[in-house]
Amino acid sequence: MSRLFMPVKVYEGEDVVINEASTWTKLGRKALIVTGKHSAKANGSLDDVIKALDLNEIPYIIFDKVEENPSVETIMDAVAFAKDEKVEFVVAIGGGSPLDASKSIALMLKHLDWDASNLFVANEDDSHLPLCLIPTTCGTGSEVTGVSVLTRHDLRTKQSISYKIFADIALLDAKYLISLSPKNLKNTAMDAFCHLVESYINSGASVYSRNICMEGFNSFRQILAVLKDERKADMKDYFTLLRTSTYAGMAIAQAGTTIPHGLSYAFTYRLGVEHGKACGYFLAGYLKMACKKWTCNTPEISNQIYDDFKASDEFKTLGEYEVNRILNAAGIKDIPEFEELFIKLCGDVNESESLDTVLNDTVDAVFNNKAKLAMVPFELTREDLVEIAYNMKIEGE
């Protein structure tokens, strides 16, 4: 059965925060602005939000203490900050960290009698304050997903909360990407690419989500030269980068992420590897495993694709054919070229005495996560996970 659920109203365009102010400021009579310490001020997005609120005579308070990979403790600090302020909606500005954090904050502000443990114990009440999300990076697609990933210091990893919290409105203006550092731009674009691949090679994928992925791969191909420093970005490129991320967010909202993301969380927490880079580190290994094991035995793999595979002498398995087809759609020749692209965009992961320990621990964690394994459209043994996890380490030797 194919399905599509995308409740977020998305507005894209230059100066969209101001131009659509009459739409999103109707979410409530007082706003809580959630953001990080620096980037929203530097790229002008915070000024735009404040201007729009002032023009529409909506009072606001600002919580600007969201760190990278926001913690549960930060969520509870924000709730304590806002609980007596009678805020009626939340506006979040930034990359995935403020956007993800805002979903948990909006949930907890609706349930002031809850403690932090409630974030990870689902019940039927997922009510939350209305949300307006404004992305200023091009990676997570959090503006159109229901996911809120938080750092759990008690478990020494990252974990999604047990609720799907979608925004009411997402506002996309690519001018906020201009001030991103090249490193941040490339790492977040790698995250978006991982979202596209993981939601395509996924047991929860549908004909709709895979078509969204193909649009995302096409967008990624259009900005690949920018990411590889072969030409400078113009405003059209920045909108393409942002749109690629949003397509990817729409895709994972339908299907979710799989093994590369599952392996990445402890990698980020324990080794300090940036999220997009951590996911990309495991992607080639996942693609290689898909080539060997993915039978593509689902209704969403069309007869035309199967017929094209049978007519080709180049590929041994349908999985290998499909993997190369989606890579080609993104402008990438094959898996070795992706491995080279990963190193060019994100750099290698520095070897350390703890790398093997972290890789083994994260393999164990993912292998024991039956929900994550169920999202993979082929069976994986622990040995398979080891092969995926160690792929880039072995390739680099």
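Test residue 160 against the criterion of being over 27 Å from residue 238 (Cβ atoms) and hydroxyl-bearing (Ser, Thr, Tyr), and give yes or no.
yes
Quick check on this structure: which one of 123, 118 is crowded, with 16+ Cβ neighbours inside 10 Å, over 22 Å from residue 50 (Cα atoms) and without any contact (Cβ under 8 Å) to a residue 60 or more places away in the chain?
None of the others qualify; the one that does is 118.
Looking at the range 352-397, which of its residues are in contact (Cβ under 8 Å) with a residue 60 or more places away in the chain and of a type in the set (Lys, Arg)?
Selection gives 372 alone.
So the check is Cβ under 6 Å with 6+ separation or different chains; which pairs have a first residue in the range 223-249 that's under 17 Å from residue 344 (Cβ atoms) and a second one that's crowded, with 24+ Cβ neighbours inside 10 Å and not hydrophobic (A, V, I, L, M, F, W, C)?
So the pair list comes out as 227/186.
With respect to the numbered conditions (1) among the polar types (S, T, N, Q); (2) modelled with pLDDT under 85; (3) within 18 Å of residue 193 (Cα to Cα), which one is the sole condition not fulfilled by residue 328?
For residue 328, the exception is condition (2).
Does residue 233 meet the test of being touching a Leu at 6+ places or on another chain (Cβ under 9 Å) and assigned to a helix (DSSP H, G or I)?
Judged against the criteria, residue 233 is not a match.
Check the range 255-272 and report whether any residue there is farther than 18 Å from residue 164 by Cα, modelled with pLDDT under 95 and assigned to a loop (DSSP other than H, G, I, E, B).
Yes, because at least one residue in the range 255-272 is farther than 18 Å from residue 164 by Cα, modelled with pLDDT under 95 and assigned to a loop (DSSP other than H, G, I, E, B).
Can you name the residue in the range 209-241 that is modelled with pLDDT under 95 and buried (at least 18 other Cβ atoms within 10 Å of the Cβ) and, of all such residues, is farthest from residue 135 (Cα to Cα)?
Ranking the candidates gives 210 first.
Looking at this structure, is residue 309 at pLDDT 95 or above and buried (at least 16 other Cβ atoms within 10 Å of the Cβ)?
It is false that residue 309 is at pLDDT 95 or above and buried (at least 16 other Cβ atoms within 10 Å of the Cβ).
At least 1 residues that are out of contact with any Pro (no Cβ under 7 Å at 6 or more places or on another chain) and farther than 23 Å from residue 119 by Cα in each: list the helices (runs of 4 or more DSSP H) lying fully within the range 12-84 that qualify.
By residue number, 16-19, 21-24, 39-42, 45-55.
Taking the range 273-286 only, how many residues are part of a helix (DSSP H, G or I), charged (D, E, K, R) and in contact with a Ser or Thr (Cβ under 8 Å, 6 or more places away or on another chain)?
Looking only at that region, the number is 0.
Of the conditions (1) among the hydroxyl-bearing types (Ser, Thr, Tyr); (2) farther than 20 Å from residue 333 by Cβ; (3) touching a Gly at 6+ places or on another chain (Cβ under 9 Å), residue 206 fails just one. Which one is it?
Only one criterion in (1) among the hydroxyl-bearing types (Ser, Thr, Tyr); (2) farther than 20 Å from residue 333 by Cβ; (3) touching a Gly at 6+ places or on another chain (Cβ under 9 Å) is unmet by residue 206, namely (3).
Quick one: which residue in 188, 151, 145, 157 is in contact (Cβ under 8 Å) with a residue 60 or more places away in the chain, of a type in the set (S, T, N, Q) and assigned by TED's automatic domain parsing to the domain that holds residue 270?
188
Does residue 204 count as touching a residue at least 24 places away in the same chain (Cβ under 8 Å), assigned to a loop (DSSP other than H, G, I, E, B) and surrounded by fewer than 21 Cβ atoms within 10 Å (Cβ to Cβ)?
Yes: the conditions hold for residue 204.
For residue 286, state whether it is among the aromatic types (Phe, Trp, Tyr) and at pLDDT 95 or above.
yes
Show me the helices (runs of 4 or more DSSP H) entirely contained within the range 330-397 in which 1 or more residues are surrounded by fewer than 17 Cβ atoms within 10 Å (Cβ to Cβ), among the basic types (Lys, Arg) and on the phi < 0 side of the Ramachandran plot.
335-346, 370-374, 382-395
If the requirement is being more than 28 Å from residue 179 (Cα to Cα) and touching a Ser or Thr at 6+ places or on another chain (Cβ under 9 Å), which of these qualifies: 73, 88?
Matching residue, one of 73, 88: 73.
What are the residues in the range 331-354 that are among the small types (Gly, Ala, Ser) and either within 17 Å of residue 194 (Cβ to Cβ) or at pLDDT 85 or above (or both), if any?
331, 347, 354, listed by residue number.
Out of the range 18-45, which residues are within 22 Å of the chain's Cα centre (by Cα) and buried (at least 17 other Cβ atoms within 10 Å of the Cβ)?
If the condition is that a residue be within 22 Å of the chain's Cα centre (by Cα) and buried (at least 17 other Cβ atoms within 10 Å of the Cβ), then 33, 34, 35, 36, 39, 40, 43, 45 are the ones that fit.
Going through 112, 129, 99, 55 one at a time, which residue ends up being surrounded by 22 or more Cβ atoms within 10 Å (Cβ to Cβ) and either acidic (Asp, Glu) or over 18 Å from residue 39 (Cα atoms) (or both)?
Only one candidate passes the filter, namely 129.
Which one is nearest to the chain's Cα centre (by Cα), of the residues in the range 129-183 that are of a type in the set (D, E, K, R) and in a loop (DSSP other than H, G, I, E, B)?
Out of the qualifying residues, it is 164.
The values are calculated or read from the model by the stated rules, or taken from the named source; none is laboratory data. All figures in this text were calculated on a predicted structure; none of them were measured in a lab. Positions of Cβ are generated from backbone atoms using ideal geometry, with glycine treated the same way; all protein chains shown enter the neighbour counts.
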